[in-house]
Every structure is written in C-alpha cells, then in structure tokens.
Amino acid sequence: MIFIPFFFSNICNGEIESRCVILRNFDDERGIIYFHSDKRSPKVNSLKDNPQSYCLFYHKDNKVQLRIKTFTKIHFSGNVWEKAWSKTKLSSRKCYLSIYNPSQTISSCDDGIPFELKGRNPSISESKKGEKNFVVVENKIKSIDWLILDSQGHKRKKFFLEDEEKNETWLAP
C-alpha cells in the first residue's frame with residue numbers, strides 16, 4: 001500500500017489546528033479514511049469532545065483538490081485497532097515509545113525515544129510497550145468538495161454522503 005500524506009484539521013482548545021498525517025487505510029464502501037496517532041496527542045482528546053473534522057488532499061500532477069468533511073471516531077482497542085497495530089512496521093511503532101506526550105514542552109530538543117533504541121528499530125517485544133499509546137483515527141466522510149484546476153476551465157462539485165443518501169451538486173469554482 002502507498003501511504004499518502006494529507007492534511008487533517010479539527011478544533012483543538014478552541015482553535016483550528018491542522019497537521020499532515022498519513023493515510024493508512026480507506027474503506028470506499030463505507031466512506032471511511034483512517035490514520036494512526038498517539039493517544040496522548042492533544043488532537044485525540046479534542047476529538048473526543050468535538051468529533052467534527054476535515055481532511056484535505058491535493059494531487060499536484062492532476063491538479064485535484066478534495067476537501068472532505070468528516071466525523072471522527074477514535075479506536076483505542078478492538079478489531080480495527082488490533083488489525084492496524086499488527087500491520088504497523090517496527091520503525092513506526094518506535095514513535096509510540098517516546099517518554100514525552102506529543103506537544104509537551106521539553107527543556108531541549110529530544111524525541112523521547114529510549115536511549116537503547118537510538119539508531120535501531122525496536123524488537124516486536126520492545127514495541128509492545130508502545131501499544132498503550134497507539135490509536136486508530138477513523139474519519140467517516142460526510143461530504144466531499146471536489147475541485148479540478150484546468151486551464152480550459154476549472155470544475156467543482158460537492159458530494160453529500162450523510163444518512164446513507166448520496167447527493168451531489170455543481171458549484172462555481
């Protein structure tokens with residue numbers, strides 16, 4: 001699978017925050033976008049209180065932008081979580097072993113990875129300590145704003161996917 005970066009935005013502490021995340025899975029039948037995160041991240045806590053979110057994709061060669069309104073659910077355990085953790089490479093699992101919480105203020109530049117893991121990937125047993133910090137972020141698509149930039153004329157369309165109904169409408173670009 002090719003891991004595609006995209007921008008994820010939500011309200012965190014009363015402000016809009018965006019960050020680049022990696023698409024880990026897409027369920028096209030159910031309209032769900034998945035990525036992974038650290039349970040200790042401020043975005044995870046804020047999504048529990050306000051699950052409204054946006055995903056922004058852009059393909060520079062095709063000049064296509066997708067602004068996707070989503071409703072987020074966090075998986076801390078269960079089948080979705082287990083399947084994702086089992087597929088996560090050891091090099092990625094290493095991120096969940098940091099002694100620091102994401103966004104925590106620290107006294108100097110340090111990633112918080114234990115000294116004995118510097119310069120190498122953890123073993124499967126060493127990586128198990130990071131399980132408690134790993135979450136799967138599930139984003140159910142509510143609408144998609146599709147824009148294609150074309151020198152012959154831009155095109156824009158909105159797709160609504162709420163309540164099992166699929167509607168679409170053209171918009172001025």
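Loop-located chymotrypsin sites (Phe, Trp or Tyr not before Pro) in region 19-90 (DSSP state not H, G, I, E or B) with no more than 16 neighbouring Cβ atoms inside 10 Å: F76. About its Cα centre, the chain has a charge dipole of approximately 340 debye under the convention of +1 per Lys or Arg Cβ and -1 per Asp or Glu Cβ, with nothing else charged.
Based on DSSP H segments of at least four residues, each scored -39500 (n - 2.57), the chain has a per-residue ellipticity at 222 nm of -3500 deg cm²/dmol. Sparse packing (at most 10 other Cβ atoms within 10 Å of the Cβ) combined with a DSSP loop state is found for the following GluC sites (Glu not before Pro) in region 71-173: E165.
Peptides 41-50, 98-107 ranked from most to least packed by the mean count of surrounding Cβ atoms within 10 Å: 41-50, 98-107.
Restricting the calculation to Cα atoms, the chain yields a radius of gyration followed by a Dmax of 18.3, 57 Å.
Read the figures in this text as sums done on the coordinates, not as results from a lab. Here the structure is a predicted model, which means the values were calculated and not measured. Positions of Cβ are backbone-derived with ideal geometry, glycine not excepted, and every protein chain shown enters the neighbour counts.
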